[in-house]
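Visitor: I'd like to ask you about the structure that follows.
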Amino acid sequence: MSYFDNIQTIKYEGKQSNNPLSFKFYNPDQVILGKTMREHLRFAIAYWHSFSANGSDPFGSGTMLRTWDKYDGMDLAKARVEACFELLNILDVDYFAFHDRDIAPEGSTLQETNRNLDEIVALIKDNMKSSGKKLLWNTANMFTNPRFVHGAATTNNADVFAYAAAQVKKALEHGKELGSENYVFWGGREGYETLLNTDLGLELDNLARFLHMAVDYAKEIGFDAQFLIEPKPKEPSKHQYDFDAATTLSFLQKYDLLPYFKLNLEANHATLAGHTFEHELRVARINGVLGSIDANQGDMLLGWDTDEFPTDLYATTLAMYEILLNEGGIGRGGVNFDAKVRRTSFEPVDVVYAHIAGMDSFARGLQVAAKLIEDRVFDNILDTRYASFKSGIGADIVSGKANFKTLEAYALQNSNNIVNQSGRLELIKATLNQYIINV
Ligand code: XLS
Ligand code: CA
Ligand code: CA
């Protein structure tokens, strides 16, 4: 039985191919800078968008034609598992990611909810075993259920804090059971809408307490996944605590959590925070916390979290540039398509086309970024631009030899010799264009 029109495994056919069900750039076995594309990219499918969401928006109900939707309850949950493994095979993707509430329905008590989860996790485990597919990350959904109206780890209600802890405890156990490579914390409701009723200090302290408890419990049960925090500035909360990479870094530092966490950065969250994706990746990279990415893109004309499949080659090139320069590349993380087909693309085959588009865009980005690195394009630009710090007074500044007195003495005799050089921005952009077109 097929949930995806019996589509066969997608193969690499090269950029001349007219077959829409083929990869034009993603050639899993092609070696680039010493690793295969498969190893560099570690693609993952997001369970919530492709199997659970139905295309509804605030103005209209679902439009998706999903062959598994003829079932409900636990039967639906089981059919979704089958559909997920079928799609992984079709796309030749090794990883997937899920929230606890994506995979199994909530029961009337936490006990029943956990039993439902245990049953589906066992089914997923069987499928992983027979297919060789792996879990990139799992997480707990602590934003959909109304009990989280005031937050989870940052709620004003201690009973909800305890419930959230129980939920994450279970998710960590399931992560271990499935050999998950990472565990993600995204705090959709960890934020506030007004300071008039918010104890900001207590909420942040509690969030840190919660994360320390999670670290301790994972250690206790021997779950050695990479822990990731996923920053996002807003949606659904008006102000979210993990606003962006820099804010999250300073939180981790303040609360002695830095040794245990890296960041899962999402393109659309970067733009919501007023940054480019490459900015977020660069901030994480230079601070040693670039852990994994959620691959998608927003829409300039809409301005909310539209989670579109990534097709912008500039963005994928610059993202892959940061990942290639990151120590160990994407490491234990991956390129997770936290992306959904548009409400108007409602047929099952659209989910396949969408992933092909995203995978090819990242594969192309990888090729171009690797060539930019090989040819030292940006290295040369930086070497020239910052040459003044390589010798003379600049070298004294960098080495720590200079101080305000020596700098004043230098400036007094040099003040009429200051010459700035052009930043050559347009030339640089044209060069980047040439690489994207010609590589
Ligand atoms: C929502 C987030 C969410 C996280 C996982 O905007 O992207 O889906 O990735 O909870
Ligand atoms: Ca995400
Ligand atoms: Ca998003």
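Computed from the coordinates by the stated procedures, all read-outs in this text should not be read as laboratory data. Remember, predicted model here, so these are calculated numbers, not experimental data. All Cβ positions, even for glycine, are placed from backbone atoms using ideal geometry, and neighbour counts span all protein chains on display.
Visitor: Can you give the helix-only mean residue ellipticity at 222 nm for the chain, where every DSSP H stretch with n ≥ 4 adds -39500 (n - 2.57) and the sum goes over all residues, rounded to the nearest 500 deg cm²/dmol?
Guide: -14500 deg cm²/dmol
Visitor: Need one number: % antiparallel among DSSP beta bridges in segment 197-336, to the nearest 5.
Guide: On the way: 1 of 10 bridges.
Given both bridge residues lie in segment 197-336, the antiparallel proportion sits at roughly 10 percent.
Visitor: Tally Lys/Arg at +1 and Asp/Glu at -1 over every other residue whose Cβ is under 15 Å from the Cβ of G394; what's the total? Don't skip to the answer; put the middle values down first.
Guide: Numbers: positive: R385, K390, K401; negative: D383, D396.
Value of the local net charge: +1.
Visitor: If you don't mind, there's one more thing I want to ask. To the nearest 0.05, what FRET efficiency results for Y217 and N403 with a Förster distance of 45 Å applied to their C-beta separation?
Guide: 0.40
Visitor: Which chymotrypsin sites (Phe, Trp or Tyr not before Pro) in segment 332-417 sit in a loop by DSSP (not H, G, I, E or B) and have at most 12 other Cβ atoms within 10 Å of their own Cβ?
Guide: Values: sites: F337, F346, Y353, F362, F378, Y386, F389, F404, Y410; in loops: F346, Y386.
Here the chymotrypsin sites (Phe, Trp or Tyr not before Pro) that fit, given the DSSP loop and packing criteria, are Y386.
Visitor: Which loop-located GluC sites (Glu not before Pro) does segment 1-89 contain, where loop means any DSSP state but H, G, I, E or B and the Cβ has at most 16 other Cβ atoms within 10 Å? Present the calculation step by step, with values, prior to reporting the outcome.
Guide: On the way: sites: E13, E39, E82, E86; in loops: E13.
For GluC sites (Glu not before Pro) across segment 1-89 that sit outside H, G, I, E and B with at most 16 neighbouring Cβ atoms in 10 Å, the list reads E13.
Visitor: Next up: If neighbour count is taken as other Cβ atoms inside 10 Å, put M37, M300, M142 in order from fewest to most. Each step should come with its number before you reach the end.
Guide: Details: M37 22, M300 7, M142 27.
Fewest-to-most Cβ neighbours within 10 Å comes out as M300, M37, M142.
Visitor: Please label the shape of the chain as rounded, prolate or oblate, based on the square roots a ≥ b ≥ c of the eigenvalues of the alpha-carbon gyration tensor (a/c under 1.5 means rounded; beyond that, a/b larger than b/c means prolate, else oblate).
Guide: Numbers: a/c = 2.07, a/b = 1.33, b/c = 1.56.
Oblate, because a/c is 1.5 or more while a/b does not exceed b/c.
Visitor: On full extension of the chain, what length is gained from S415 through D205, given 0.36 nm per residue of separation minus the C-alpha to C-alpha distance?
Guide: Details: separation 210, 0.36 × 210 = 75.60 nm, distance 4.97 nm.
Between S415 and D205, full extension yields 70.6 nm more.
Visitor: Could you name the lysines whose alpha carbon sits less than 18 Å from that of K262, not counting residues in the same chain fewer than 8 places away?
Guide: Result set, ordered by chain and number: K219, K232, K254.
Visitor: Pick from E266, E278, E235: which residue has the top mean-square fluctuation in a GNM of the chain where Cα pairs under 10 Å get a spring?
Guide: Result for the chain, Cα springs under 10 Å: E235 fluctuates most.
Visitor: Which residue, L382, L200, L257, has the most motion in a Gaussian network model of the chain that connects Cα atoms within less than 10 Å?
Guide: Looking only at L382, L200, L257, the largest GNM fluctuation is found for L382.
Visitor: Here's another thing I want to ask about it. Using the basic label-point model (7 angstrom from Cα toward the beta carbon), what is the E347 to D5 distance in nanometres?
Guide: So the label points at E347 and D5 sit 0.4 nm apart.
Visitor: Could you pull out the trypsin sites (Lys or Arg not before Pro) across segment 1-85 that fall in loop regions by DSSP (anything but H, G, I, E, B) with no more than 14 other Cβ atoms inside 10 Å?
Guide: Answer in residue order: K15.
Visitor: I would also like to ask the following. Among G288, G132, G188, which one shows the biggest mean-square fluctuation in a GNM of the chain, springs joining Cα atoms closer than 10 Å?
Guide: G132
Visitor: How much length is gained if the chain between T36 and E106 is pulled fully straight, taking 0.36 nm per residue apart and subtracting their Cα-Cα distance, in nm to one decimal?
Guide: On the way: separation 70, 0.36 × 70 = 25.20 nm, distance 4.04 nm.
Gain in length upon complete extension: 21.2 nm.
Visitor: Suppose every Lys and Arg Cβ carries +1 and every Asp and Glu Cβ carries -1, with no other charges. What dipole size does segment 348-418 come out with about its Cα centre, to the nearest 20 debye? If you can, show how the numbers build up before the last one.
Guide: On the way: 7 positive and 8 negative charges, 62 e Å.
That gives a dipole near 300 debye.
Visitor: Tilt of helix 73-91 relative to the longest C-alpha principal axis of the chain, in degrees (0 to 90, nearest 10)?
Guide: Result, in degrees: 50.
Visitor: Percent antiparallel among DSSP beta bridges with both residues in the chain, to the nearest 5?
Guide: The antiparallel proportion sits near 20 percent.
Visitor: Can I ask one more? How much length would be gained if the chain were fully extended between I381 and K234, taking 0.36 nm per residue of separation minus their Cα-Cα distance, in nm to one decimal?
Guide: On the way: separation 147, 0.36 × 147 = 52.92 nm, distance 3.55 nm.
The span from I381 to K234 would gain 49.4 nm if fully extended.
Visitor: With +1 assigned to the C-beta of every Lys and Arg and -1 to the C-beta of every Asp and Glu, and no other charges, what is the dipole magnitude of the chain about the Cα centre in debye, to the nearest 20?
Guide: Numbers: 43 positive and 58 negative charges, 194 e Å.
Charge dipole, the chain, about its Cα centre: 940 debye, nearest 20.
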